[in-house]
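> Before we start, here is the structure in question, set down as structure tokens.
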Amino acid sequence: GESVGLHLPTLSVQEGDNSIINCAYSNSASDYFIWYKQESGKGPQFIIDIRSNMDKRQGQRVTVLLNKTVKHLSLQIAATQPGDSAVYFCAEILGYNQGGKLIFGQGTELSVKP
Amino acid sequence: DSGVTQTPKHLITATGQRVTLRCSPRSGDLSVYWYQQSLDQGLQFLIQYYNGEERAKGNILERFSAQQFPDLHSELNLSSLELGDSALYFCASSSYSGGAPTQYFGPGTRLTVL
């Protein structure tokens, strides 16, 4: 079936450390993947995306890795800061060029300890 | 600030009632998406409109309907409300017709059904 799930519901890291948030997806037809950050009381905020024809993409302090062989997506945050504390969602898009729907995972709560 | 606006911010109503949630997309964006976020279901895609026309449908109940107007703002109508409809409702917008990667989310409307 169609589902996107996260391996860990919570993640606690020390300030300055690197964080890795993982996500498994089930639909091999998905052609676009996005990571969102959601702070308490706010809407999801776009972080980074990656197309299925790529295996890595870097942004500012963030890197997304895509392993299509095992249907795995990860978000790496370098030098994690207290402001990074939030819930992180991965999402997949089916049929990017055909108006496909966005499927979100359940989310991982990242807690950064000072 | 994503540029997507939603009103009202909070809505409290009774079972059986009908409510309308409003969304204004970012300037220039033609696509509007609606999502429901509840504690037990996570973020669920409801429906997408592109330039006034329905483009994709997700887990939207028959009691719910949406439309996008010529000025591109969108409304989500929820009728015969049940306790289980209590949730956060988010609107997102993007500039592309497909399941575009960069969807920008509004602050959400928190609906409480008593």
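The values are calculated or read from the model by the stated rules, or taken from the named source; none is laboratory data. Please read all numbers here as calculations on a predicted model, not as lab measurements. Here the Cβ positions follow ideal geometry from the backbone for every residue, glycine too, while neighbour counts run over all protein chains shown. These area figures cover heavy atoms from the full protein model, side chains too; ligands, DNA and RNA do not enter into them. Shrake-Rupley method; radii C 1.70, N 1.55, O 1.52, S 1.80 Å.
> What's the center-to-center distance, using Cα atoms, between the stretch B:18-83 and the stretch A:30-106 in Å?
After rounding, the separation between the Cα centres reads 22 Å.
> Compute the relative contact order of the stretch B:48-96 as a whole-number percentage, counting only Cα pairs closer than 8 Å that sit 6 or more residues apart in sequence.
Once normalised by length, the contact order is 26 percent.
> Right, here's the next one. Averaged over its residues, how many other protein chain Cβ atoms are within 10 Å of peptide A:36-42's Cβ atoms?
Averaged over the peptide's residues, the number is 3.
> Let me ask you something else. So the label point goes 7 Å from the Cα of residue B:80 along Cα→C-beta, right? Which residues of the stretch B:4-35 then have their backbone N under 15 Å from it?
B:15-19
> The stretch B:12-100: which trypsin sites (Lys or Arg not before Pro) are DSSP loop and have at most 11 other beta-carbon atoms within 10 angstrom?
B:18
> Two decimals is fine: what's Rg over Rh for chain A, C-alpha atoms, Kirkwood radius as Rh?
0.96
> Once amide H atoms are placed 1.01 Å from N in the peptide plane, what residues at a sequence separation of 5 or more from residue A:80, or on another chain, have their amide H within under 5 Å of its amide H?
HN-HN under 5 Å from residue A:80: A:16, A:17, A:18, A:19.
> Give me the inter-chain shielding for A:24-34: mean count of other chain Cβ atoms within 10 Å, whole number please.
1
> Still on this structure, I have one more. Amide H neighbours of residue B:5 under 5 Å, counting only residues 5+ apart in sequence or on other chains, H built in-plane at 1.01 Å?
Excluding prolines and chain starts, which carry no amide H, the hits are B:24.
> What is the extension gain from residue A:53 to residue A:15, computed as 0.36 nm multiplied by their sequence separation minus the C-alpha to C-alpha distance, in nm to one decimal?
10.4 nm
> Right, something else. Please give, to one decimal in nm, the separation of the simple spin-label points placed at residue B:53 and residue B:96, each 7 Å out from Cα toward the Cβ.
Computed distance between label sites residue B:53 and residue B:96 equals 1.9 nm.
> Right, here's the next one. At a threshold of 8 angstrom on Cα-Cα distance, excluding pairs fewer than six apart, so keeping six or more, what relative contact order does chain B reach in percent?
Relative contact order comes out at 37 percent.
> Do any cysteines in the protein assembly as shown lack another Cys Cβ under 4.7 Å, and if so which?
none
> At 7 Å along Cα-to-Cβ for each site, give me the label-to-label distance between residue A:27 and residue A:45 in nm.
Reported label-point gap for residue A:27 and residue A:45 is 2.8 nm.
> Which whole-Hz couplings ³J(HN,Hα) result when phi for each residue of the stretch A:47-53 is put into the Karplus expression 6.51 cos²θ - 1.76 cosθ + 1.60, θ = phi - 60°, listed in order with x for Gly and Pro?
The phi angles translate into 10, 7, 9, 8, 8, 5, 8 Hz.
> Here's a follow-up. For the protein assembly as shown, compute the number of Lys pairs whose alpha carbons are separated by less than 15 Å, excluding pairs fewer than 8 positions apart on the same chain.
Counting lysine pairs in the protein assembly as shown gives 4.
> Averaged over peptide B:37-47, how many Cβ atoms belonging to another chain are found within 10 Å of each residue's Cβ?
Whole-number average of other-chain Cβ neighbours for B:37-47 is 4.
> Restricting attention to the stretch B:1-106, which GluC sites (Glu not before Pro) occupy a DSSP loop and are surrounded by at most 13 other Cβ atoms within 10 Å?
Loop-located and lightly packed - B:62, B:82.
> So, one more: What is the percent of Cα-Cα separations in chain B that go past 20 Å?
Of all Cα-Cα distances in chain B, 33 percent exceed 20 Å.
> What list of ³J(HN,Hα) values in whole Hz, one per residue of the stretch B:33-45 in order, does the Karplus curve 6.51 cos²θ - 1.76 cosθ + 1.60 (θ = phi - 60°) give from phi, with Gly and Pro shown as x?
Whole-Hz 3J(HN,Hα) from phi for the stretch B:33-45: 10, 10, 10, 10, 10, 10, 5, 8, 10, x, 8, 10, 6.
> Leaving ligands, DNA and RNA out of it, report the carbon-plus-sulfur percent of the accessible area of chain B at a 1.4 Å probe.
Result for chain B: 47 percent of the exposed heavy-atom area is carbon or sulfur.
> If I model a spin label as a point 7 Å beyond the Cα along the Cα-Cβ vector, how far apart are those points for residue B:18 and residue A:68 in nm?
The two pseudo-label positions are separated by 4.7 nm.
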